[in-house]
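*Asks:* Quick one: the structure is below, and I'll ask about it shortly.
The values are calculated or read from the model by the stated rules, or taken from the named source; none is laboratory data. Note that the structure is a prediction, hence the values are computed from the model and not measured. Side chains are part of the model used for accessible areas, which takes the heavy atoms of the whole protein and leaves out ligands, DNA and RNA. Shrake-Rupley method; radii C 1.70, N 1.55, O 1.52, S 1.80 Å.
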Amino acid sequence: MLSKIQPIARVICQNITGRFIHNPSARRTMKSGIRFSKTAKELPKVVASKDYSEPNSSWSQEMMKLYEQYIEKTKDGSWKKLPSYNRFLVLNEDGHFIDKFPPSKARLFTRNTEEEGSMFEYVVFANKVEKKAVGLFQSGDLLEGPSGFVHGGAIATIVDAVSGTLATYVAGFVMTASLNLDYKNPIPLGSTVIIECQLEKKEERKSYVNTRVISHDCTKLHTESTALFVSVNQKNPYQG
Ligand SMILES: CCCCCCCCCCCCCCCC(=O)SCCNC(=O)CCNC(=O)[C@H](O)C(C)(C)COP(=O)(O)OP(=O)(O)OC[C@H]1O[C@@H](n2cnc3c(N)ncnc32)[C@H](O)[C@@H]1OP(=O)(O)O
């Protein structure tokens, strides 16, 4: 089985530090690429969040190497790096991203700390034609389960996040209806793994995603999963 795991390519790195932007004034394009065209009166609060999937100083050499490989794959347009914020963003009527939520302490579970490297460090790349996504995940110390290894719930969380991102990318907003995991080999805490997701089929509102978590050198299978995501009535956040 492991012989089927294909080694991946190589690339460059960029270290972009995102930051919170709170500027509800007129039309402008943010560093994140999110475009706003409403005035303060029309949209009292317009927030573009930091993209947490940009490299930071906690990323290991393995994580950076894989990141560079996938950035390379984005250059012909076949793969896309998907941004990742710490709350869900939604579209307004014009198709522009807005944050519809009032100020809150609520945070996306996988992006709930500003302490780099302590929990989930990950980035997702997706290929719409092939209906695939790849997550590069480096686990932090706060995700420990058995001594020295990643907690099974943390593995389920990141698998849900990456496979859910693929389902969202191809189908618009979804909810996880079921998630089944087989833990084959423990993931050493602090290591980098590759999360490979494939849309198996889509039947109306139902998107089925199969996922494998493998070691960064593609030699070990850590986890396999199948998941069902059900589309809910929201616009696709990746179209705008
Ligand atoms: C720049 C842009 C940035 C944007 C940034 C976006 C980032 C994107 C990141 C995403 C990352 C998300 C990753 C976290 C995602 C969660 O964590 S979601 C939270 C956990 N999940 C939940 O709480 C879901 C709770 N369940 C529910 O809300 C509802 O049961 C559901 C799932 C919405 C379905 O309810 P429903 O809409 O009433 O649909 P229902 O008619 O029951 O079912 C529809 C179909 O699915 C089938 N089905 C439903 N449940 C099941 C099941 N468990 N097993 C088998 N079949 C089922 C039904 O049989 C039915 O089939 P058909 O009859 O159509 O053939």
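*Asks:* If amide H atoms are built 1.01 Å from N in the plane of the peptide, which residues on other chains or at least 5 residues away come under 5 Å of the amide H of SER60?
*Replies:* Here the answer is none, since no amide H 5 or more places off falls under 5 Å of that of SER60.
*Asks:* Which whole-number percent is the relative contact order of the range 158-222 (Cα, under 8 Å, 6+ apart)?
*Replies:* Reported relative contact order: 32 percent.
*Asks:* Rounded to the nearest percent, how much of the accessible area of the range 161-240 (1.4 Å probe, protein heavy atoms only) is carbon and sulfur?
*Replies:* Within the range 161-240, the accessible surface is 47 percent carbon and sulfur.
*Asks:* Can you pick out the pairs among LYS128/LYS184; LYS50/LYS73; LYS80/LYS105; LYS184/LYS206; LYS65/LYS128 whose Cα atoms lie more than 25 Å from each other?
*Replies:* LYS128/LYS184; LYS80/LYS105; LYS184/LYS206
*Asks:* Taking amide H positions as placed in the peptide plane 1.01 Å from N, state which residues far from MET119 in sequence (5 or more) or on other chains have amide H under 5 Å from it.
*Replies:* Amide H neighbours of MET119: GLY140.
*Asks:* Tell me, what ³J(HN,Hα) does each residue in the range 121-128 have, in order and in whole Hz, if you take phi through Karplus 6.51 cos²θ - 1.76 cosθ + 1.60 with θ = phi - 60° and put x for Gly and Pro?
*Replies:* Karplus-based 3J(HN,Hα) across the range 121-128 equals 9, 7, 9, 10, 10, 9, 10, 5 Hz.
*Asks:* Can I ask one more? How much area per residue is accessible in the range 138-240 when the probe is 1.4 Å and only protein heavy atoms are counted (Å²)?
*Replies:* 45
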